[in-house]
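Data first, discussion second: the structure below is written as structure tokens.
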Amino acid sequence: MLYDDIQQSLTFQEQLENTAGIKLHLKINDNRSTMLSVKWEPDVTKVSLHRMFLKAPQNIMEALGCYLKGEDKQIAPSIKAFIENNLQRLDYSHELDLEKLETKGLVYDLKQIYNDLNDDYFGNKIDLHITWFGNHRKRTCKRVTFGLFHDPLRLIKINRLLDNKNFPAFFVYYVVYHEMLHYVCPAYVNENGFKHIHSKAFKEREKKFQYYSEAQRWIRDNQNYLFN
């Protein structure tokens, strides 16, 4: 850690301790999973915070102080919103091993699908990575995850189950388009602290997909195939 970073962390800890009114064992992390972790022990409160908090405004520092000293039993909605907003700005895509990303399947080429959609709907302004995950075997289950979007990695993952002629091309295109929208219309936390994955803007743009109605109808008509 550079000298300036150390000084910034020490200044931040002093400010946070003054706000909370307690001594802290503070760790500033730079990982993609744990943004805020607190362990209250009899002699010390251990706190792990993502580096995003180093630039937190005063209202977030005050809310964090109340939480650390136990005045608030739940993390304040303002803190949740702060984390969500900053998560969308993080970019850990440089950590990806691009050679391990698989885009060509037995039936569908994800990179080609992504490029087509980027050109048709996003003016080629989106810069994301895409890959398959899972395997081709269909399992008996109550829920199937067709796709995932990992914000910090800028990575779309599509279930390899879709790499099958039983899934029409328009549906595979729809799933990829849906995951691309998660980047364009990110999730948000409302004033009550509840996270909404699909915003109003997301739902409106989703319906602009050329085969949106057909994709929704295909899901309804193939429930037995998908979940039996």
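The values are calculated or read from the model by the stated rules, or taken from the named source; none is laboratory data. Not measured: the values here are computed from a predicted model. Every residue, glycine as well, gets a Cβ built from its backbone with ideal geometry; the counts of neighbours run over all protein chains shown. Just the protein is used for accessible areas: all its heavy atoms, side chains included, with ligands, DNA and RNA removed. Shrake-Rupley method; radii C 1.70, N 1.55, O 1.52, S 1.80 Å.
Quick notes
- Eligible aspartates and glutamates near residue 80 by straight Cα distance, threshold 20 Å, same-chain separation 8 or greater: 30, 62, 71, 72, 91, 151, 191
- Accessible surface, the stretch 14-128, averaged per residue in Å² (probe 1.4 Å): 60 Å²
- Carbon/sulfur fraction of accessible area - the chain, other protein chains in place, 1.4 Å, %: 47 percent
- Per-residue HN-Hα couplings for the stretch 169-181 [Karplus 6.51, -1.76, 1.60; θ = phi - 60°; Hz; x = Gly/Pro]: 4, 4, 6, 5, 4, 4, 5, 5, 4, 4, 6, 5, 5
- Rg/Rh (Cα only; Kirkwood hydrodynamic radius) as it applies to the stretch 20-93: 0.96
- Proximal lysines to residue 111, defined as alpha-carbon separation beneath 26 angstrom and excluding residues fewer than eight positions away on the same chain: 100, 125, 138, 157, 165, 203, 207, 208
- CD proxy at 222 nm, helix term only [per DSSP H run n ≥ 4: -39500 (n - 2.57); per residue of the chain; nearest 500]: -12000 deg cm²/dmol
- For the stretch 189-202, putting each phi into the Karplus relation 6.51 cos²θ - 1.76 cosθ + 1.60 with θ = phi - 60° gives couplings of 10, 7, 5, 9, x, 8, 8, 10, 6, 10, 6, 4, 4, 4 Hz, in residue order, rounded to whole numbers and with x for Gly and Pro.
- Peptide packing for 56-67, 154-165, 123-134 was compared via the average number of neighbouring C-beta atoms within 10 Å per residue; ordered from the highest value, the list is 154-165, 56-67, 123-134.
- Within the chain, DSSP assigns beta bridges of which about 50% are antiparallel (rounded to the nearest 5).
- Its relative contact order, with pairs defined as Cα atoms under 8 Å and 6+ residues apart, puts the chain at 15 percent.
- In degrees, nearest ten, helix 3-20 long axis to first principal axis of the chain (Cα): 70 degrees
- With semi-axes defined as the square roots of five times the eigenvalues of the C-alpha gyration tensor, the equivalent ellipsoid of the stretch 121-214 measures 23, 17, 14 Å, largest first.
- Karplus-based coupling profile of the stretch 36-46, in residue order and whole Hz: 8, 9, 10, 10, 8, 10, x, 9, 7, 9, 8, with θ = phi - 60° in 6.51 cos²θ - 1.76 cosθ + 1.60 and x standing for Gly or Pro.
- Amide proton proximity set for residue 130, modelled H, under 5 Å, gap of 5+: 156
- Prolate/oblate/rounded label for the chain (Cα gyration tensor, a/c 1.5): prolate
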